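This report concerns only the one structure given below.
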Amino acid sequence: MTQPVNMQPMSWGHLILNSPEWVAVFASALFAVVTIGVVIWQVCVMKAQVRVMIWQARSSHRNEQTQNRLLRLQHEHEWVRQRNREREELLKLAGKLSSAVSCLKDPRSRSAPQHWYDVQSTAYELESRLSLVDITAFLGVYDHWYPNLRQYLEAVLDVVLDDSKYPQPDSSGWPAPETVQALAAVAERCNPTKILLDLQTAIRMEFYDFKKKWDALLP
């Protein structure tokens, strides 16, 4: 009967020395795992870099868009200021004309010649100013004052020209009673007070609308 062979315990060192092929397999497997880990790490790094590049591109695009909008708003701001300056000049002349007309109640009063002169000079000055205005600049939603002011001014100028039909040799510089009555009728029909209020509203709202755009763009 064959006696069983007694196996002596073998350390890892002896096992490696006696089994070089397993060492090669183990080394190959370890190298493969390390290589896969390195590849995965490189892929993760590349993905992170791509995300950073995409974020930078989007951020740059947003900044460029913001700068372009700011540039457009700066041009618009200058355009708003220019229109409002023109409105303010027209408002000043229209207010002076309306005041002179309202003060010209009695054609025989001592102040009548001065008020009559103010009506004529202001009407012609306002007409000259309106003739230089670019009408396309005042076609906005708040600019319904423009045709109303034009209509009021034309009516006043018609009355001023018609005054020559009523000569008064004994009162040079005084308007005719018919002229004063006609001016009062024009004021009642055209309502210059509303025109002035509409002009003031246009000035305020133009700036308010621009300010909303500016505030919406900036954080």
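Please treat every number below as a calculation from the coordinates, not as lab data. If you're wondering where the values come from, they're calculated on a predicted model, not measured in any experiment. Ideal geometry is used to build each Cβ from the backbone, glycine not excepted, and the neighbour counts take in all protein chains shown.
Each other residue within a Cβ distance under 13 Å of Ala155 adds +1 if Lys or Arg and -1 if Asp or Glu, for a net charge of -3.
With a threshold of 24 Å on the Cα-Cα distance, the over-threshold entries among Lys92/Lys213; Lys105/Lys165; Lys92/Lys165; Lys96/Lys194 are Lys92/Lys213; Lys92/Lys165. Going by neighbour counts of Cβ atoms within 10 Å, the residues Asp162, Asp198 line up, fewest first, as Asp162, Asp198. Residues Asp209, Asp215, arranged from fewest to most other Cβ atoms within 10 angstrom of their Cβ, appear as Asp215, Asp209. Taking the Cβ of Lys92 as the center, what net charge do the other residues with Cβ under 14 Å away carry, scoring Lys and Arg +1 and Asp and Glu -1? Around Lys92, the charge tally is -1.
Residue exposure proxy: Thr179, Thr193, ordered by other Cβ atoms within 10 angstrom of their Cβ from fewest to most, comes out as Thr193, Thr179.
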